[in-house]
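Everything below concerns the one structure shown next.
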Amino acid sequence: MSQWREMEPSELRRQYSPSEWSPRMSADDVIKAHVAALQQGTERARAVAQTLLDVPYGDGDGEKLDVYVPSNPSLEMPLVIYIHGGYWQFLSKEESGFLAAPLVQRGVAVVAVGYDIAPKGNMDLMVSQVRQSVVSVVQQYSHISGLYLCGHSAGAHLAAMVLCTDWSQYSVTPQIKGAFLVSGVYDLLPILSTYVNEPLKMTECWNPQDSRSLLKTFPTRTISTSSSSWWSQTIISRNSC
């Protein structure tokens, strides 16, 4: 797990730059193709779903939700909250509706979460925002049959932080039936000396009053579980938090 410490800076940067791994396209073209696919998917979702865009979950300009509802919704429909990736500094909810295109046709509502990416937002703010977004969704859609969480890349990290929340500090305790964390970045130490950290400005020293402090941002131990409980589809252990 510590091999990254022995890497040359250029190699460490490459390891954390998946856009550079394509044998067919340049890094810039990979990013452009990825964004284009997300935008096209979101356009398709908006064509087949009822939408509620820019629904506030807080007072901040970036604290908004895009809600995608099936054309013939059930009062007890399941709902998926999606947290986008982008290394905590790229993308937004505006391109995050792609997930809804296949789901709304199967009676599933999807909520894409907006949050303040860096440099406007720091890590503590982003974590706080996504937690508050979940609280807001639960309060607004208390009748749903099941709440599911999905995050990609940096969004998977933020989703994992949601799963580690002490809900006693909030007005509700969300009953999250499952979580789907895709290509998440959970060990943040290796990115400290890479370009990823330039707008984030995280530090290695832990200071609970410092929003840029890193070491206890998220535990790195992950497990799989096949339990029959409501936690059964979650791939990050609640106990590891």
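See the values below:
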{"read-out": "Percent carbon-and-sulfur accessible area, region 15-57, ignoring ligands, DNA and RNA, probe 1.4 Å", "value": "54"}
{"read-out": "For region 31-47, Karplus couplings with θ = phi - 60° (6.51, -1.76, 1.60), whole Hz, Gly/Pro x", "value": "5, 4, 5, 5, 4, 4, 5, 5, 5, 5, x, 5, 4, 5, 5, 5, 7"}
{"read-out": "Amide H contacts of residue 146 (H built 1.01 Å from N, under 5 Å, at least 5 apart or other chain)", "value": "79"}
{"read-out": "Lysines whose Cα lies under 29 Å from that of residue 32, excluding same-chain neighbours fewer than 8 positions away", "value": "64, 93, 120, 201"}
{"read-out": "Of all DSSP beta bridges in region 33-129, antiparallel share, percent nearest 5", "value": "65"}
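The values are calculated or read from the model by the stated rules, or taken from the named source; none is laboratory data. Quantities reported herein were computed from a predicted structural model and do not represent experimental measurements. Heads up: the accessible areas ignore ligands, DNA and RNA and are worked out on the full protein's heavy atoms, side chains in. Shrake-Rupley method; radii C 1.70, N 1.55, O 1.52, S 1.80 Å.
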